[in-house]
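The values are calculated or read from the model by the stated rules, or taken from the named source; none is laboratory data. Since the model is a prediction, treat every value here as computed from it, not as a measurement. Cβ placement follows ideal geometry from the backbone for every residue including glycine, while neighbour counts extend to all protein chains displayed. Heads up: the accessible areas ignore ligands, DNA and RNA and are worked out on the full protein's heavy atoms, side chains in. Shrake-Rupley method; radii C 1.70, N 1.55, O 1.52, S 1.80 Å.
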Amino acid sequence: YVDMPRPRDPASPAFNELKRELGRLVMEEQQRHANAEMKLSAVD
């Protein structure tokens, strides 16, 4: 479980880039472990 605090300005370009990158990482890990019992998800 990874909990990341929200920045003061959620519309900032840095926050949006980080959010996209984390989404890509979660999708890659989901594909890598598709046959495993481990489940991954991202919550906005």
For segment 12-29, does any single residue satisfy the condition of being modelled with pLDDT under 70 and open to solvent by less than 100 Å² (accessible area, probe 1.4 Å)?
no
Residue pairs qualifying under the 7 Å Cβ cut-off, at least six apart or on distinct chains, with the first in segment 1-24 being closer than 24 Å to Lys39 by Cβ and the second being at pLDDT 65 or above and assigned to a loop (DSSP other than H, G, I, E, B), are Leu22/Ala42; Gly23/Ala42
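Mind listing just one residue for me: the one in segment 30-42 that is outside any loop (DSSP other than H, G, I, E, B) and not charged (D, E, K, R) and, of those, most open to solvent (accessible area, probe 1.4 Å)? Outline the logic, then answer.
Looking only at segment 30-42, we keep the residues that are outside any loop (DSSP other than H, G, I, E, B), and these are 30-32.
Still in the running and not charged (D, E, K, R): 30-31.
Numbers: Gln30: 78, Gln31: 138 Å².
Across segment 30-42, the extreme among qualifying residues is Gln31.
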